Amino acid sequence: MPSISRIKQLCANALTLLDEDGIYAFTDRVRVRTSRFRVHSRKPGDEFVDPLDVFTDVLFVNGCAYSVPHPIRYRVDHQIEQLVAHGVSARKVEAWDVDEDWVRTAHVFVIFRCPYSEEIGRFIMLAKSLGKAVLYDIDDLVIDTKYTDLIPFLSTFSEEQKRGYDDGVRAMQKTMLMCDGVITTTEGMANELKKYLPKVCINRNVASEEMLNFCSKAVRERDVFPYVSIDAVTKRERHAWKKAHEPRDGRFRIGYFSGSITHNDDFELVLPALARVMQERPEVTLCIVGELTIPDALSGMADRVEAFPFCDWRRLPKLISKVDINIAPLADSVFNRAKSENKWVEASLVKVPTVASNVGAFASEVVDGETGILCSTTEQWYDALINLIDDATRRRVLAEKAYEECSAHRTTLNSGMSLVNFIHDVMPSNIAFAVPSLNISGGNIVTLRHASFLQRRGIDVTIIDGMGEDRWVEVQGCRIPVINRRVLPAAIDDCPIDGTFQRLVATFWETAQFVERYRKADHRLYFVQNYEPGFYHPLDWHRVAASATYLSGLDVFTMSPWCQKWLKRDYGVSARCVKNGMDVERYSVKEREYSGKVRILIEGDCKVDYKNVDEAFRIVDKLDPKKYEVWYLSYNGEPKSFYRVDRFLHAIPSEEIHSVYEDCHILLKTSLLESFSYPPLEMMATGGIAVAISNPGNAEYLVNGENCLLINHGEEGKAAAMIESLVEDEALRDRLISGGIKTAQSRDWSRFEDEIASVYLGE
């Protein structure tokens, strides 16, 4: 609940706006301000996009309180506009809302004026551990007490207040030192910041498109409205037109737009010259906007001092446009030499000339005598003010030159290349894998393992999940961020992902459509792991759609020599082939006893025809249930009514699957189509025996009679007889077990990591 004083302030601001801009502008402002509180209804079928599933190149983390909105506007909002205007996607969150899940949503993080906290510390460390870049943005030297001790205003603080302020400064520094580099506003800032971090980018403060609009409006109302009839303006402009036609008071206004109360000492610098000018020229009025203590030297001229409180930036252009001269005094100190030239830019964009101290950014950016006047002494300040008061042409020429300079080079759309280049320089090597879902499957296991190899090499890896809601996936000690796309391939234009990926990888035919059409990918790859048209019945349109993806123009690679062959034979596509592996260390060799009941494991989704699970159960039906126990492992299908199942294992986590194999003697695998079949290899790694129908996915490593028994499709009786002979023949078992263990150990992932990484990294 706002305080009474706050309510009074809001009412006063509303009345001021109503008086100055009229009812139309007032209602527009109210509409904009209240829009954030509206509950917008969504039509049935509209898809809600979680902000945590919106991916951009850069995420700004604002740590500055909104009680001082100007820094946020210049250093966050305007820089976002700069980046977006140059093709780099960006958005912001507040530091107090940040948790680790936001780390998933960008390649680069820019933390603005954020003091250290445990939450921010964890956020930065997690981001860097994932291969992402973290930058700090600071526009004042509030990162070390050796600088802030130079601020005279702080001498008014109590001991407790000063201690609290200093703690905040040290907390700023602590956060900054955790980052990879710094973005700042001026050469003075950069020179000091390089003492703390070597990577520093200067991106000067500029005006936004919205600010330009307010400036243009203020200039039009001042310079055009007095000289045109009411018929020449719109209905919404009539209030301002009437204001422009009110009788002028004949005063000459010098404006000082102080901002914060810390500028009291800066104003003291110009006070002797200003007081002398006002004594000599009774028409001169001082217009002060912001927090400033009116000095005693002006007490006798109180009727010629107009004071306005700190105001909303949208009103600032109009207030500046009403003065004849803008002054920007700045005491010469290390702290002030680091300050920006904002006051000059803001005045220039409404064609008001500026007289400024010859210090810091004013000295480097203002061309003395052309785009402003620079002063170092009281006498220079007096001469500059008197000459401009007397010479209207001189004021106009200075204002026009300054306007030309700032409108051409100090706006978001025509600046910011230093920032853009800096972001590109620090942006980490990155890659995204588009998966149809994160459901357990052989294809996903391989994809995620590849992702873990790359992350351990310092690559910024993202999983784009087309179905689920998981935000992270754990793979071999790696924690990989997940972004949920949740749009159909046909709805690519509505995709909430707007980040640039150096490499974007399709892992299934549906994801190939997404990858092909995603506009912000430097290199598009297609990891083909199977003949996917074979997953569907004839006349199913998915067969045609899947087939077409192999000719999409993506850079194709595969993990199976069989896939490599049919891609070349049937589609004319040359694909690189990398070997598939397994985590041998996860599987312990366990000796089995075959003198008692023998346990047979059947694995596969019985709802998928090519998995051919029914045949496996027809085979075990021919075996004596007193001698053979049947376990069924499936991630999707439920056992059919005619299956003889002693134990059903559903959706066993991948990290626990080894124990299932270790508890069984024989794997019976009857799948007809596989690109690379893991279950036989996994069973062999535990010292078990694989009995399988030969298919392209196991022919690469299964050799009948050496490391397995191969059976023929449809010969169920012979298959059952082979299983019985296997149980009875110890020598055969020993040979197959020994050969199977050797084969499994030869497929350890460690043998293939470098080759796999080279495919993704273009080596």
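We did not get these values from a lab; they are worked out from the coordinates using the rules stated. Source: prediction; values computed, not measured. Positions of Cβ are backbone-derived with ideal geometry, glycine not excepted, and every protein chain shown enters the neighbour counts.
Below are the figures for this structure:
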{"read-out": "Inverse mean reciprocal Cα-Cα distance (Kirkwood Rh) of the stretch 83-209, Å", "value": "15.8 Å"}
{"read-out": "Counting DSSP beta bridges with both ends in the chain, the antiparallel % (nearest 5)", "value": "5 percent"}
{"read-out": "Cleavage-rule hits, GluC sites (Glu not before Pro), the stretch 389-469, DSSP coil, Cβ neighbours within 10 Å at most 14", "value": "GLU469"}
{"read-out": "Ratio of the Cα radius of gyration of the stretch 585-747 to 2.2 N^0.38 Å, where N counts its residues", "value": "0.93"}
{"read-out": "The stretch 504-570 versus the stretch 277-321: alpha-carbon centroid distance in Å", "value": "70 Å"}
{"read-out": "Longest to shortest principal axis, alpha-carbon extents of the stretch 519-604, angstrom", "value": "58, 34, 27"}
{"read-out": "For ASP180, net neighbour charge (Lys/Arg +1, Asp/Glu -1) across residues whose Cβ lies under 9 Å away", "value": "+2"}
{"read-out": "Length gained when the stretch LYS322-ASN414 is fully extended (0.36 nm per residue, less Cα-Cα span)", "value": "30.4 nm"}
{"read-out": "Burial ordering of GLU246, GLU192, fewest other beta-carbon atoms within 10 Å first", "value": "GLU246, GLU192"}
{"read-out": "Relative contact order (%) - criterion: Cα under 8 Å, at least six apart; region: the stretch 284-352", "value": "32 percent"}
{"read-out": "Sites ASP265 and ARG236, calculated FRET efficiency, Cβ-Cβ separation with R0 45 Å, nearest 0.05", "value": "0.60"}
{"read-out": "Net length gained if the chain between ASP609 and LEU732 were fully extended (0.36 nm per residue, minus Cα distance)", "value": "41.1 nm"}
{"read-out": "In nm, spacing of pseudo-spin labels at HIS523 and SER429 (7 Å Cα→C-beta vector)", "value": "0.9 nm"}
{"read-out": "Per-q log10 I(q)/I(0), the stretch 221-357, q = 0.16 Å⁻¹ (Debye; single scatterer per alpha-carbon; no solvent)", "value": "-0.88"}
{"read-out": "Relative pair counts by distance (%), Cα atoms of the stretch 167-268, 5 Å bins", "value": "2, 9, 11, 12, 12, 12, 10, 7, 7, 7, 7, 3, 0"}
{"read-out": "Alpha-carbon centroids, the stretch 209-229 and the stretch 381-397: separation in whole Å", "value": "23 Å"}
{"read-out": "Rounded to whole Å, sorted largest first: equivalent-ellipsoid semi-axes of the stretch 369-511, Cα gyration tensor", "value": "59, 18, 11"}
{"read-out": "Principal axes of the chain: Cα extent on each, largest first, Å", "value": "119, 59, 52"}
{"read-out": "Sequence-distant residues sharing a close amide H with HIS523 (under 5 Å, placed H)", "value": "ARG503, LEU504"}
{"read-out": "GluC sites (Glu not before Pro) within the stretch 324-393, DSSP loop, no more than 14 other Cβ atoms inside 10 Å", "value": "GLU370"}
{"read-out": "The stretch 712-760-the stretch 439-466 distance, computed between alpha-carbon centres (Å)", "value": "26 Å"}
{"read-out": "Of LYS174/LYS195; LYS217/LYS243; LYS351/LYS401; LYS565/LYS611, those spanning more than 20 Å from alpha-carbon to alpha-carbon", "value": "LYS565/LYS611"}
{"read-out": "Amide H contacts under 5 Å for ALA207, placed H, 5+ residues apart", "value": "THR411, THR412"}
{"read-out": "Net length gained if the chain between ASP555 and VAL589 were fully extended (0.36 nm per residue, minus Cα distance)", "value": "8.3 nm"}
{"read-out": "Net charge contributed by nearby residues that have their C-beta within less than 15 Å of ILE693 (K/R +1, D/E -1)", "value": "-4"}
{"read-out": "Within the stretch 555-615, GluC sites (Glu not before Pro) in DSSP loop having at most 13 other beta-carbon neighbours inside 10 Å", "value": "GLU591, GLU593"}
{"read-out": "Relative contact order for the chain, counting Cα pairs under 8 Å that sit 6 or more residues apart, in percent", "value": "9 percent"}
{"read-out": "Rel. contact order, % - alpha carbon contacts under 8 angstrom, at least six apart, the stretch 646-750", "value": "25 percent"}
{"read-out": "Cβ-based exposure ranking for SER129, SER340, in which fewest neighbours within 10 Å come first", "value": "SER129, SER340"}
{"read-out": "5 angstrom amide H check on VAL475, placed H, neighbours 5+ away", "value": "ILE480"}
